[in-house]
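Undergrad: Structure below; questions to follow.
Only the coordinates and a few stated rules stand behind these numbers; no lab work does. Worth saying up front: this structure is predicted, and the values here are computed from it rather than measured. A quick note on method: Cβ atoms are made from the backbone with ideal geometry, for glycine too, and the neighbour counts reach across all protein chains shown.
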2 protein chains.
Amino acid sequence: MNNLNSVTNEQLAAIAKAIAHPARIQIIRLLLSKSSCIGGEITSEVGLAQSTVSEHLRILKAAEIVTGEIEHPRVCYSLNREKLLPLLDLLQQIASSQVTNDDVCCVSASDTLMCK
Amino acid sequence: MNNLNSVTNEQLAAIAKAIAHPARIQIIRLLLSKSSCIGGEITSEVGLAQSTVSEHLRILKAAEIVTGEIEHPRVCYSLNREKLLPLLDLLQQIASSQVTNDDVCCVSASDTLMCK
DNA sequence: CACCAATATCGTTATTCGACGATTAACGAA
DNA sequence: TTCGTTAATCGTCGAATAACGATATTGGTG
């Protein structure tokens, strides 16, 4: 038993929800490519209003996917990689799972699936 | 360059959004544990109204994360593992990324982050 | 054909999300 | 202390989401 089984559906859904927006994916990729914190550079990069980007950052911070450290007058954002691990675990488990015929109630016959 | 870079923010967000609900995570885990399709068994397992579960299944099918094959009078659901790979790729890239000091504008000094 | 079981769809309601502009807050610098 | 810069918060609006019960659909069975 790995740690995945102790993670609730709610926790996994919350992680997914926090990243379930194009702007937030963009921010995450930006932080990934820069390897670290960027200030209001994020706003100009994302191309939405400052208040909107701030709201997306608030959501990511609330989910603890990014952290913000105050410089002045800027804020320094970083990815919190550990927070994403439970979702990564689930997806890895899905990707690596092999379907055995015994477990399957549908077997492929030619190009269609037939249920036993 | 891996295939991740050719995936848009919108596509990644759409995958995350499709799984960003506790009931849908539960369905995915159920399909993973059974390795294959279950009919209306999903409804009783999830504990929501039949129409609600049907809607969640519709969302998962629309995102091509599950497929439904009609038996009768049941429907046979299966996970489409490939569809989740782009998000898995992103999360793996994040998890495996190492922060080098050159890329970082914030360096940790004792227990706080200081920006250069 | 009439019926039955399993799903899907529809209509409704309450809640949440996403975006924006305007305002406020924080705090270093002049 | 006043100013300027940056980020956070507020208020609002329209759109999307989630849930349910009721109804429709589908196709095999008697």
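Undergrad: Quick one: which residues, 5+ away or cross-chain, put their amide H under 5 Å from the amide H of B:Val66? H built at 1.01 Å from N.
TA: Close amide H contacts, sequence-distant or interchain: B:Lys61, B:Asn80.
Undergrad: For A:Cys76, A:Cys37, which order do you get if you count the other beta carbons within 10 Å of each Cβ and list the fewest first?
TA: Working: A:Cys76 20, A:Cys37 25.
In order of increasing Cβ crowding within 10 Å: A:Cys76, A:Cys37.
Undergrad: Right, something else. Within the range A:51-77, list the residues whose amide N lies under 11 Å from a label point set 7 Å along Cα→Cβ of B:Glu10.
TA: Under cut-off, by backbone N: nothing.
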